[in-house]
Amino acid sequence: MSTEMGLPPEAAGSPYPREPFERTISVHQHLKLSAYWFATNFLWGALIPIMLPGEIKNIAPHMRILALGILTPLSALVAVVVPLVAGAMSDRCAHPLGRRRPYIITGVGITLIGLLLMALVYRARTPIGANLGHEPHLWQALGILFTSPTYLLFMLALMVVQFGNNIASASYSGIIPDLVPPDQRGVASGYMALMSQAGTLFGALGCGLLLTHHSESFKYLIISTVLGGIALITVMGVQEIPLKEKPTPMDWGQYLGSLWIDPRKFPDFAWVWVTRAFVMLGFYSVVPFLNYYLTDVIGFENPDLVASILTGVILLFASISGIVGGILSDKVGRKRMVYLSNTAMALVGLGFIFCVAWWQVLVVGILFGLAYGAYISVDWALGTDVLPSKTDAGKEMAVWHIAMTMPQTIAGPVAAALIEVFGKTVSFKGDDQIVHYTLKGYSAVFILASACFALGAYFLRNVRGVK
């Protein structure tokens, strides 16, 4: 038996060698297995809370809420579609490196190309609407955005990043069901939560510091280096046994029909999918706009570094509770951990409404991080526990992944609309026009997010096959 992360030799007799280890996986092997999760979350930890808000503020200063609220969901549409194809193709891949690793390598390469394109477009940007002399109304703002070469090219480059990242992530999602025994998936999910939160933490903090002290090109170079270098640890450390024979050609019509996982036949999978979707809807209603909340409500003129610190604090405490929560979930049950964590998120999330000082935001952030980390620690394990099939993990985890990506296509426009509908104030600093959005708008978003977290806990009660 290999000492690396892989499958036992006896599993190779099947055309789909998927049976997991019949042994305990070491800490070292868990870290190699979950290293990719650090890499991809470093990328999004830098992009979503820090880079995209900061760059959109410079690209479209007078319509930043609307521009960000459109950019995020349109790019996320790629993340809804791509995993469905990439996951299935990785299930049937007969490459000598195994089924998952060729797609991880390809996806990371495309992501690096997308980051290069983003850097080039941003460097050559032309600010949108800077000379209007007035605050554009909604339809005028939409027209300006969708006729701006800078905005459209920046969105296209971000879609390339999404395309590559989701090829890699969809295939990677099949690794835990492939290789980890059911009684160790809580621990594996805990390590994934730890690496996820650590990656996002270092991505956010690093990006905040780079924005302060370095050029845009250097920032993209660092992100690309970390993404490629850390992903290589998983690619080199996970040893897959390739398929013995090439599967028959894919019947795409039959496959597309198989994507419908009947909730009447697999109710546990359906309800876990729904609970995850609600939690992600709440999460992505808030996270992209935290940077602007710190400007408009708390009063920071240059919030990039402060936003990175807040994100870092939240994720630091999420990392602490994440590894503990994953271990506990194997003992006390996944559902209890979700009930506790989601209820805490719903209550604590409302605390941002009442913050008037930076220290108060930090306290609420710490409490929210502890709750969120406990949820993320069992999220992956809960999903793998209720998979309908043991032979199509890549495809089914891709369907599971949609519960995270589809809410992003809804959350951005809804949150942006709520912030916009409660109005804004316009002031002048010299000749510069300064736009601030109101506390009422952000409060509506925090209330929406808390309701989603609570519904995520409520609907989990319908899951019967997981304790």
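Cross-link check: pairs K32/K246; K265/K335; K244/K265 evaluated at a Cα-Cα cut-off of 25 Å; pairs beyond the cut-off: K32/K246; K244/K265. Residues I447, I309 ordered from highest to lowest accessible area at a 1.4 Å probe: I447, I309. Spread over its residues, the convex hull of the C-alpha atoms of the stretch 140-179 is 58 Å³ per residue.
Per the Kirkwood definition applied to all pairs of different Cα atoms, how many angstroms is the hydrodynamic radius of the chain? The partial results should precede the final answer.
Details: mean 1/r = 0.0443 Å⁻¹.
Computed over Cα pairs of the chain, the Kirkwood hydrodynamic radius comes out at 22.6 Å.
With the highest mean first, a sort of the peptides 65-71, 438-444, 267-273 on other beta-carbon atoms found within 10 angstrom per residue produces 65-71, 267-273, 438-444.
Roughly how big is the stretch 260-349's charge dipole about its Cα centre, with Cβ charges of +1 (Lys, Arg) and -1 (Asp, Glu), in debye to the nearest 20?
On the way: 7 positive and 6 negative charges, 132 e Å.
Dipole magnitude for the stretch 260-349 comes out near 640 debye.
Annotation: amide H of I434 within the under-5 Å range of S427, F428, K429, sequence separation 5 or more or interchain, hydrogens built in the peptide plane. P(r) tail, the stretch 170-273: Cα-Cα pairs separated by more than 18 Å, 71% of all pairs. For the stretch 178-270, the solvent-accessible area of protein heavy atoms averages 49 Å² per residue (probe radius 1.4 Å; ligands and nucleic acids excluded). Each semi-axis of the equivalent ellipsoid for the stretch 19-78 is √(5λ) with λ an eigenvalue of the Cα gyration tensor; in descending order they amount to 39, 13, 6 Å. Please compute the modelled spin-label separation between Q239 and D251, points set 7 Å along Cα→Cβ, answer in nm with one decimal. It works out to 3.8 nm between the two label points. The angle separating the long axis of helix 439-459 from the principal Cα axis of greatest extent in the chain is about 20 degrees. Placing unit charges on the Cβ atoms of the charged side chains and taking the dipole of the stretch 74-169 about its Cα centre, the candidate lying farthest along the positive direction among S90, G164, W139 is S90. Residue-wise HN-Hα couplings along the stretch 406-412, as the Karplus relation 6.51 cos²θ - 1.76 cosθ + 1.60 with θ = phi - 60° gives them from phi, are 4, x, 5, 6, 9, 4, x Hz; Gly and Pro carry x.
Where does the charge balance sit around A270 when Lys and Arg score +1, Asp and Glu -1, over other residues with C-beta under 15 Å from its C-beta? Walk me through the numbers before you get to the answer.
Working: positive: R264, K265, R276, R461, R464; negative: D262, D268, D385, E396.
Here the charged neighbours net out to +1.
What FRET efficiency comes out for I113 versus D262 if R0 is 41 angstrom and r is the Cβ-Cβ distance? Round to the nearest 0.05.
Working: r = 39 Å, r/R0 = 0.94.
Efficiency for this residue pair is about 0.60.
In the chain, the longest principal axis of the Cα atoms and the axis of helix 267-286 are about 30 degrees apart. Exposed loop sites, defined as GluC sites (Glu not before Pro) outside DSSP H, G, I, E and B with at most 13 other Cβ atoms within 10 Å, are absent from the longest region of the chain, namely 23-244. Evaluated at q = 0.15, 0.17, 0.20 Å⁻¹, the base-10 log of the normalised Debye intensity for the stretch 82-183, with identical point scatterers placed on the Cα atoms, takes the values -0.71, -0.79, -0.93. Estimated purely from DSSP H runs of n ≥ 4, each contributing -39500 (n - 2.57), the mean residue ellipticity at 222 nm for the chain is -23500 deg cm²/dmol once divided by its residues.
Charge dipole of the chain (Cα centre as origin; +1 on each Lys and Arg Cβ, -1 on each Asp and Glu Cβ, all else neutral): 560 debye, rounded to the nearest 20.
Measuring only protein heavy atoms, the 1.4 Å probe finds I233 accessible over about 80 Å².
The share of C-alpha pairs in the stretch 300-392 whose separation exceeds 18 Å stands at 51 percent.
What fraction, in whole percent, of alpha-carbon pairs in the stretch 217-332 exceed 25 Å separation? Value for the stretch 217-332 (Cα pairs over 25 Å): 61 percent. Computed from Cα atoms alone, the Kirkwood hydrodynamic radius reported for the stretch 49-132 is 15.4 Å.
Between the helical axis of 304-332 and the longest alpha-carbon principal axis of the chain there is an angle of about 30 degrees.
Share of carbon and sulfur in the accessible area of the chain stands at 69%, probe radius 1.4 Å. The phi-based Karplus calculation (6.51 cos²θ - 1.76 cosθ + 1.60; θ = phi - 60°) puts the 3J(HN,Hα) values of the stretch 84-101 at 5, 7, 5, x, 5, 5, 5, 4, 10, 6, 10, 5, x, 6, x, 7, 8, 5 Hz, whole numbers, x for Gly and Pro.
The values are calculated or read from the model by the stated rules, or taken from the named source; none is laboratory data. Fair warning: this is a prediction, and the values are worked out from it, not measured in the lab. Cβ: placed from backbone, ideal geometry, glycine included. Neighbour counts: every protein chain shown. For the accessible areas, the whole protein counts, side chains as well, though only heavy atoms, and no ligand, DNA or RNA atoms are used. Shrake-Rupley method; radii C 1.70, N 1.55, O 1.52, S 1.80 Å.
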